[in-house]
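Novice: Pasting in a structure now, in structure tokens, and then I'll have a few things to ask.
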Amino acid sequence: MVKLAQNRYGKSRVRLLKVTRHEEHHHVDEWTVEVLLQGDFVSAHVEGDNSKILPTDTMKNTVYYVAHRSNATSMEHFAEELIDFLLSRNPQVLAAEVTVHSALWKHMKVDGSLHPTAFIRGSDEQQTTHVVRHQPGGFHVTSGLSNLVIMKTANSGFEDYIVDELTTLTPTSDRSCATASTAT
């Protein structure tokens, strides 16, 4: 007999665009949302009984539904609202996870001034949040950033490292250095 270990399923790449229209300018949030559910889904995986499964298409529609009614001012609070909504309607779900990636949009400069309704997306840097809640229990929130590309063109040495018969790198006290960073 097959024994199913921990399992989860969900929907990823649900895209949201929220434009907040202030009198003098607009603000743009572009989020990509992933929803994962853990719970009592053994019958679906072992017996083909989908009676406890929330379809991933419904998860996508739920993201849009909650976003349309949300008062959240941050992606962390939106993730919490979405999790609360999913858990309140699905008792078979033991835990829900929501990850949100936020693309960074800045106002475009036109004729030397920031345009109130035109935006430019500069880099691949994204703000991220990962929110989990088990029933019963509170939220566990981890936020950070990903794909922050940084460069230093001087005063970035690499020396005093282990040198053995396989080392070919020459120590230097001045070099260029670039990297992509992810931090939580």
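Novice: Could you work out how far helix 75-89 tilts from the main Cα principal axis of the chain, as a 0 to 90 degree angle to the nearest 10?
Specialist: The angle comes out near 20 degrees.
Novice: If neighbour count is taken as other Cβ atoms inside 10 Å, put T20, T129 in order from fewest to most. If you can, show how the numbers build up before the last one.
Specialist: On the way: T20 10, T129 22.
Result, fewest neighbours first: T20, T129.
Novice: Still on this model: Where a ≥ b ≥ c are the square roots of the eigenvalues of the C-alpha gyration tensor, would you call the chain rounded, which needs a/c under 1.5, or, failing that, prolate if a/b is larger than b/c, or oblate? Walk me through the numbers on the way to the answer.
Specialist: Values: a/c = 3.15, a/b = 1.32, b/c = 2.39.
Oblate.
Novice: Rounded to the nearest 0.05, what FRET efficiency do R89 and T184 have when you use their Cβ-Cβ distance and R0 = 41 Å? Can you show the working numbers first?
Specialist: Working: r = 30 Å, r/R0 = 0.72.
Using R0 = 41 Å, I get an efficiency of 0.90.
Novice: Further question on the same structure: For region 8-145, what is the relative contact order in percent, using Cα pairs closer than 8 Å and at least 6 residues apart in sequence? Could you put the intermediate results ahead of the total?
Specialist: On the way: 246 pairs, mean separation 31.5, N = 138.
Reported relative contact order: 23 percent.
Novice: May I ask for the angle, rounded to the nearest 10°, between helix 56-69 and the longest principal axis of the chain, with both axes built from Cα atoms and the value confined to 0 to 90°?
Specialist: Result, in degrees: 80.
Novice: When ranked by the protection proxy of mean other Cβ atoms within 10 Å per residue, highest first, what sequence do the peptides 112-124, 154-166 form? Before the final figure, lay out the partial values.
Specialist: Values: 112-124: 11.2, 154-166: 8.8.
So the order, starting with the most tightly packed, is 112-124, 154-166.
Novice: How many angstrom lie between the C-alpha centres of region 100-169 and region 3-46?
Specialist: 21 Å
Novice: If you rank I53, I150, I83 by fewest surrounding Cβ atoms within 10 Å, what's the result? Present the calculation step by step, with values, prior to reporting the outcome.
Specialist: On the way: I53 17, I150 10, I83 23.
Starting with the residue having the fewest Cβ neighbours, the order is I150, I53, I83.
We did not get these values from a lab; they are worked out from the coordinates using the rules stated. Because the structure is predicted, anything quoted here is derived from the model rather than measured. All Cβ positions, glycine included, derive from the backbone under ideal geometry; neighbour counts span all protein chains shown.
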